[in-house]
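Asks: Let me give you the structure first, and then I'll get to my questions.
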Amino acid sequence: PRHWPPARSATVEVPPAMSATVEVSTPTDLSFQFHHIHVYVERDSLRPLADYKKLESQLNALASRGSFDPFSGGMRFLPAGALPARVEEGRQIWNQLVDPADRRDEAEYASAGQDFVEQLLVGLGWRVTAEYVGPTTRSVLVTSADPCGVKFCVTCALVGGDDADEPYDHFRRSHVERFFTAHGGRPGIAALGFEVAEEGGVEAILAQYRKRHPALLVWHAGAHAGAPSSDVTTGKRARVDWTLTYTDVRKVQAPTASSAAAAKPAAELELGRMRIGEGFAFY
């Protein structure tokens with residue numbers, strides 16, 4: 001962003017399917033902030049949501065019994081030699097809280113190959129706050145107690161299903177498979193998500209990409225030919241060249257004066273709209 005010109009306004013070129021130009025602010029005017037990290041893990045490696053919730057309850061129970069980390073409160077370290085005893089006390093209490101099948105043998109522990117979501121729950125004290133199960137992938141959202149803090153979206157591919165039935169492009173299995181092919185079959189961070197609140201902000205940023213680094217843009221297949229004239233859809237994605245727009249629309253049944261009154265048609269209520277533009281970080 002520091003390389004963008006300091007102009008205060010601009011007219012952004014829009015896809016051929018849209019007839020009007022869009023007046024937006026330039027990137028220097030935008031409230032641009034980091035939002036989330038999208039991580040891909042091995043196929044079917046995410047445990048059931050109930051397992052993560054059970055682990056969270058056990059961790060909450062352990063926290064209610066005391067503090068068993070290297071700190072005695074605030075940022076004051078424990079006296080010399082006190083840590084092993086505190087850790088052992090915590091281990092004994094933990095074994096009382098969990099089922100025998102869930103206990104781990106310390107001698108068999110390996111730092112590599114661990115459940116990524118479990119590590120966030122245990123190591124950072126974060127919690128699973130959302131889940132999405134699509135036709136070809138499954139994802140969970142792991143967040144801290146800070147509503148404005150960083151969020152981890154963790155996705156794994158599922159067996160079966162068809163990407164054509166996936167309404168959200170960023171949850172398609174083809175993206176996961178491409179990532180694993182490019183990274184030798186290893187999991188890792190696939191995408192960094194940023195948020196901009198201003199109307200037209202995505203177009204302003206992508207306009208700079210088109211001018212300076214067009215090869216880094218992610219062009220969605222089929223977006224150039226036959227793209228819809230409007231980018232607002234109900235329950236489905238709209239493809240308009242380099243952006244994808246999703247709307248959350250719910251049908252609300254209007255209340256009736258009495259049970260005998262004729263039912264009124266359901267009204268559509270738009271709860272929110274999300275517009276996404278994608279680009280590669282490097283060539």
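Readers should treat all values here as calculations from the given coordinates under stated rules, not as data from a laboratory. These numbers come from a predicted model, not from an experiment. Virtual Cβ from ideal backbone geometry, glycine too; neighbours counted across all protein chains shown.
Asks: Would you pull out the residues with amide H under 5 Å of ARG43's amide H, same chain only if 5 or more places away, H placed 1.01 Å from N?
Replies: ALA157
Asks: Note the full-extension length gain between SER64 and ARG47 as 0.36 nm times their separation in residues minus their Cα-Cα distance, in nm to one decimal.
Replies: On the way: separation 17, 0.36 × 17 = 6.12 nm, distance 2.53 nm.
Fully extending the segment from SER64 to ARG47 adds 3.6 nm.
Asks: If you don't mind, there's one more thing I want to ask. Calculate, in nm to one decimal, what GLN114 and ALA267 gain on full extension: separation in residues at 0.36 nm each, minus their alpha carbon distance.
Replies: On the way: separation 153, 0.36 × 153 = 55.08 nm, distance 4.73 nm.
Computed gain between GLN114 and ALA267 is 50.4 nm.
Asks: Then there's this: Residues with amide H under 5 Å of HIS35's amide H, sequence separation 5 or more or different chain, H placed in the peptide plane at 1.01 Å from N; which?
Replies: So HIS35 has HN proximity to GLY193, PHE194, GLU195.
Asks: Please compute the Kirkwood hydrodynamic radius over the range 119-184, one decimal place, Å, based on all pairs of different Cα atoms. List each step's numbers first, then the result.
Replies: On the way: mean 1/r = 0.0765 Å⁻¹.
Value: 13.1 Å, from the Cα pair sum.
Asks: Ok, one more. What is the extension gain from TYR132 to GLN253, computed as 0.36 nm multiplied by their sequence separation minus the C-alpha to C-alpha distance, in nm to one decimal?
Replies: On the way: separation 121, 0.36 × 121 = 43.56 nm, distance 2.59 nm.
That pair, TYR132 and GLN253, stretches by 41.0 nm at full extension.
Asks: No solvent, one uniform scatterer per C-alpha: report log10 I(q)/I(0) for the range 94-227 via the Debye equation at q = 0.09, 0.13, 0.14, 0.15 1/Å, two decimals.
Replies: -0.42, -0.82, -0.93, -1.04
Asks: Calculated FRET efficiency, PHE280 and ALA107, Cβ-Cβ r, R0 45 Å, to nearest 0.05? Present the calculation step by step, with values, prior to reporting the outcome.
Replies: Working: r = 44 Å, r/R0 = 0.97.
The computed FRET efficiency comes out at 0.55.
Asks: Between ASP165 and ALA215, take the C-beta separation as r, use R0 = 51 Å, and let me know the FRET efficiency to the nearest 0.05. Mind dumping the intermediate values first?
Replies: Details: r = 30 Å, r/R0 = 0.60.
That gives a FRET efficiency of 0.95.
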